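Below is one structure; the comments refer to it alone.
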Amino acid sequence: MQITKNVVALIHYTLKDDTGEVIDKSQEGTPMPYLHGHGNLIPGLEDELEGKKLGDKLNARIEPKDAYGVRNDEMIQDVPRAQLPEDVDIQPGMQFQAQGEGGVNVVTVVGVEDGQVRLDGNHPLAGVTLNFEVEIAEVREASAEELQHGHVHGAGGHQH
Ligand code: ZN
C-alpha cells in the first residue's frame, strides 16, 4: 500500500537545519501518525512522501517556501513594554502566543531596549531550510471518522 491522499502513514523522522542541529524528531520507537493530503504536514514533506510505502527511507531537503515560509520583516514590530504583562521578566528568546489576523500566532521576543520590546511574528522556522530523514513505519487505510475530521485518531493522534 502506497502513501496517497486519505491514507494514514506513521513515520519516524529526524529534522535538522543546515548546520546539522536537530530541530525535532519523532519519539524513539513511536512513529508519528498523520493523515496524508490534509495539510497536516508541511507541503514539501507531503510531496516527498507521496507514493512511498512501508519500509521506505528518504532524505528530503525542503526550502522555506515549501515549509514554514520565508521570513517577512514586516512581522517584526516594536511595542511599548507597558503593553506586556508587568509581572513577566521579558527577555530575548521568550515566546508568547498572540492573537493575530489568522488565529493564534507565536511571537518571539528579539530585543528589549528603552522601554520598547521588539517582537518577531515570523514562525520560528520561517526562512529555515529543513532536512528530514524519514522512515515509513506503517501505512494504513484511514477510518471514515478520521477522514471526516481530517486527522488521525488514537495513539499519537487526536484523542477524542
Ligand atoms: Zn477527530
Any idea how many residues of the stretch 102-160 are open to solvent by less than 60 Å² (accessible area, probe 1.4 Å), within 19 Å of Gln2 (Cα to Cα) and more than 16 Å from the ligand (Cβ to nearest atom)? 4
Do the conditions hold for His38, that is, is it within 16 Å of the chain's Cα centre (by Cα), farther than 23 Å from Gly156 by Cα and crowded, with 17+ Cβ neighbours inside 10 Å? no
Residues (exposed (fewer than 13 other Cβ atoms within 10 Å of the Cβ) and in a loop (DSSP other than H, G, I, E, B)) located in the stretch 73-89: Pro85, Glu86, Asp87, Val88, Asp89
Top-ranked residue in the stretch 41-67 [being under 16 Å from Thr4 (Cβ atoms), open to solvent by less than 60 Å² (accessible area, probe 1.4 Å) and without any contact (Cβ under 8 Å) to a residue 60 or more places away in the chain; ranked as nearest to the chain's Cα centre (by Cα)]: Leu41
Extreme residue, farthest from the chain's Cα centre (by Cα), among residues of the stretch 1-35 that are open to solvent by 60 Å² or more (accessible area, probe 1.4 Å) and free of Cβ contacts under 8 Å to residues at least 24 places away in the same chain: Gly29
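The values are calculated or read from the model by the stated rules, or taken from the named source; none is laboratory data. Keep in mind it's a predicted model, so treat the numbers as computed, not measured. Here the Cβ is made from the backbone with ideal geometry for all residues, glycine too, and neighbour counts use every protein chain on show. When the accessible area is computed, the model is the full protein with side chains, heavy atoms only, and any ligands, DNA or RNA have been set aside. Shrake-Rupley method; radii C 1.70, N 1.55, O 1.52, S 1.80 Å.
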